Amino acid sequence: MYPENSPHVPAQRAVEVHHPAPLPPAVPVAAPVVPVQPNAVPAVASIVLPDGRVVTGYAINPAHPEPVAAKPAVSRTAVNVALGGVGFLAVCGGLILLTSFIAALTAFITQLIILAAVIFGGWIAVQIFGAHGHQGGGTTVNIRKAVIKRNHFRG
């Protein structure tokens, strides 16, 4: 705090020393026994420690957990109604799926029939109107030419 070469002398202070004084040993005093009802706790409690000292203070009740409330029993009627509702919904859902499946199967079969008709009809059209239809091994008769030929005799 002060420079080394300063002529200042620190002031002297009066120092007071405190020595702890031991407490006199407490005379054990038996606490009077007071009849108390089982659930009542006195407002102020006194306890005598093993070394004879008496400690007085407020009693603290230990924390007790709240009792768990019993769950109300579920009636059989409520359970049966709930299960019946679930079963009804499952049956309805199954019927909807079955109906959808039958409709899809019907549409598929209808499309197969239409496809077969188109393919078979196309094959027949090719046989009738195709370029190879007149050159086959069948007999072609032209009636007009035959009549004309028949009426002209060559001799």
When region 43-65 is checked residue by residue, the ones that are modelled with pLDDT of 80 or more and in a loop (DSSP other than H, G, I, E, B) are Leu49, Pro50, Asp51, Gly52, Arg53
Taking region 66-95 and keeping only residues that are over 30 Å from Ala45 (Cα atoms) and outside any helix (DSSP H, G or I), one is left with Val68, Ala69, Ala70, Lys71, Pro72, Ala73, Val74, Ser75
Restricting attention to region 68-93, the residues that are modelled with pLDDT under 80 and open to solvent by 100 Å² or more (accessible area, probe 1.4 Å) number exactly 3
* Please tell me if Gly137 is small (Gly, Ala, Ser), in contact with a helix residue (DSSP H, G or I) (Cβ under 9 Å, 6 or more places away or on another chain) and modelled with pLDDT under 85. => no
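The values are calculated or read from the model by the stated rules, or taken from the named source; none is laboratory data. Owing to the predicted nature of the structure, the values given are computational and were not obtained by experimental measurement. Note: ideal-geometry Cβ built from the backbone for every residue, glycine included; neighbour counts use all protein chains shown. Surface areas here come from the heavy atoms of the whole protein model, side chains and all, with no ligands, DNA or RNA. Shrake-Rupley method; radii C 1.70, N 1.55, O 1.52, S 1.80 Å.
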